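The next block holds one structure in the form of structure tokens; read it before the comments.
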Amino acid sequence: MGNFRFSRIARLGVRFRRADRGAVAVEFSLVILLFITIVLAIFELAMVMLAYVTLDQATQTAGRQIRTGEFQTRSANSQVDFKALVCSRMSWLAAQCATSAYVDVRTFSTFGGDTGLAANLAQGASAFNPKKTCFTAGGPTDIVLVRTYFKWRLFTPFLDGAMENMGPGSGMRLLSSATAFRNEPYNQSPPVGASKC
């Protein structure tokens with residue numbers, strides 16, 4: 001009786017090893033998860049790069065209005081107005097821009113006049129504090145540094161940890177762009193010099 005059970009189990013084992021029905025489905029299910037993860041990672045990275053290029057282009061074109069004095073000579077020339085100017089140039093991200101974008105514009109008396117900005121930037125995106133942004137567009141011939149920030153929400157599950165830079169578990173990536181220039185001598189006013197904020 002015991003010998004019969006053993007031989008029956010052995011025959012079932014041999015049949016199980018030889019059976020290949022469903023093997024392709026099992027192999028496909030193992031490979032498809034990896035494939036979908038890789039495709040989502042590529043798509044996520046492409047979206048982040050597209051958002052960065054959009055932010056950079058908006059920063060450059062809006063900064064040009066400060067450089068030429070066009071922004072300073074209009075009646076609406078506050079930080080809110082400059083942010084609206086940047087957001088108006090971000091086309092497909094304009095709806096998110098109102099709550100996710102930040103601008104920081106400072107003036108300097110020399111191109112080497114960094115007042116601790118390098119140390120603040122070295123702390124990384126997790127130390128970013130929107131309340132510490134400043135806005136001084138400057139006057140003619142002032143040296144101006146325009147920086148813009150955009151909080152991008154990551155959407156790919158399990159990959160956000162590799163791409164987030166605003167602290168663990170935030171699911172956010174802080175994109176930033178900057179441009180530095182000397183304002184053109186658009187009128188006879190004296191330079192403002194370094195930022196007061």
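The values are calculated or read from the model by the stated rules, or taken from the named source; none is laboratory data. Not measured: the values here are computed from a predicted model. For neighbour counting, all protein chains shown are included, and Cβ atoms are generated from backbone atoms with ideal geometry for every residue, glycine included. Just so you know, the surface numbers come from the protein's heavy atoms only, side chains and all, with ligands and any DNA or RNA stripped out. Shrake-Rupley method; radii C 1.70, N 1.55, O 1.52, S 1.80 Å.
General observations
- Each residue in the stretch 76-88 was checked for being exposed (fewer than 13 other Cβ atoms within 10 Å of the Cβ) and not aliphatic (A, V, I, L, M), and 1 of them qualify.
- Qualifying residue in the stretch 161-184 (condition: assigned to a loop (DSSP other than H, G, I, E, B), modelled with pLDDT under 90, polar (S, T, N, Q) and under 26 Å from Thr61 (Cβ atoms)): yes
- Candidate set: the stretch 30-75, residues that are more than 19 Å from Thr133 (Cα to Cα), part of a loop (DSSP other than H, G, I, E, B) and not β-branched (Val, Ile, Thr); chosen: the one least open to solvent (accessible area, probe 1.4 Å): Gly69
- Residue in the stretch 187-195 that is more than 20 Å from Gln79 (Cβ to Cβ), open to solvent by less than 20 Å² (accessible area, probe 1.4 Å) and in contact (Cβ under 8 Å) with a residue 40 or more places away in the chain present: no
- With respect to the conditions (1) over 30 Å from Pro185 (Cα atoms); (2) surrounded by 12 or more Cβ atoms within 10 Å (Cβ to Cβ), Trp92 lacks only one, and its number is (2).
- Filtering the stretch 47-78 to residues that are more than 15 Å from Arg182 (Cβ to Cβ) and of a type in the set (Val, Ile, Thr) leaves Val48, Val53, Thr54, Thr59, Thr61, Thr73.
- Only one of the numbered conditions (1) open to solvent by 40 Å² or more (accessible area, probe 1.4 Å); (2) free of Cβ contacts under 8 Å to residues at least 24 places away in the same chain is violated by Glu164, and that is (1).
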